[in-house]
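The structure appears below as structure tokens.
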Amino acid sequence: MAFLIKSMVGNPMKNFGFGESKEEKTEGGGESDPAAAQGMTREEYEEYQRQLVEEKMERDAKFIQKKAERATLRVHLREKYRLPQSEKDDNQIQMAGDDIELPEELQKMVAEDQVEEEEKGSFLGQMQNIQNMDMDQLKEKATATFTEIKAAAEEKCAVM
């Protein structure tokens, strides 16, 4: 009950200048201790600060790891599509070190791409491409090319 009355009457009175001033509090209390301000002992406060630093280091390490994983994927895609490499990606991979592991989904995607490339490069893959070609269109192109070459030769050669 006393707390309720003090909070109702004390806070408005401080605003009018009738309560304790800030100068009196700092002079009477000495130097302010951050541990006391947090309601902890000195040892608890130091432990708390140490835990905060450790958590921040873990978050930073995870962030760097994720950035390196993304950079690795970008490098792979650039190699696949023969695009120019980026120094930024190389730097991110080097910062993370050698312990870069792509997530399983990305590893599966990369493996599927490699299998597709191998199939296309094989003899059977080339045979399938031949089967998928339109023979009529191929004949038309060959005939058109032959007539163009024949016409060019007739223009240059007086005997033909």
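Only the coordinates and a few stated rules stand behind these numbers; no lab work does. Every value quoted in this text rests on a predicted model; they were computed, and no experiment measured them.
Before moving on, here are some points about what is shown:
- The gain in end-to-end length when the Glu46 to Lys156 segment is fully stretched comes to 30.2 nm, 0.36 nm per residue minus the alpha carbon separation.
- The Stokes-Einstein estimate for segment 31-109, based on a Kirkwood radius over Cα pairs and taken at 37 °C with 0.692 mPa s viscosity, is a diffusion coefficient of 212 µm²/s.
- Gained length - Ile100 relative to Glu116, 0.36 nm times residue gap less alpha-carbon distance: 3.3 nm
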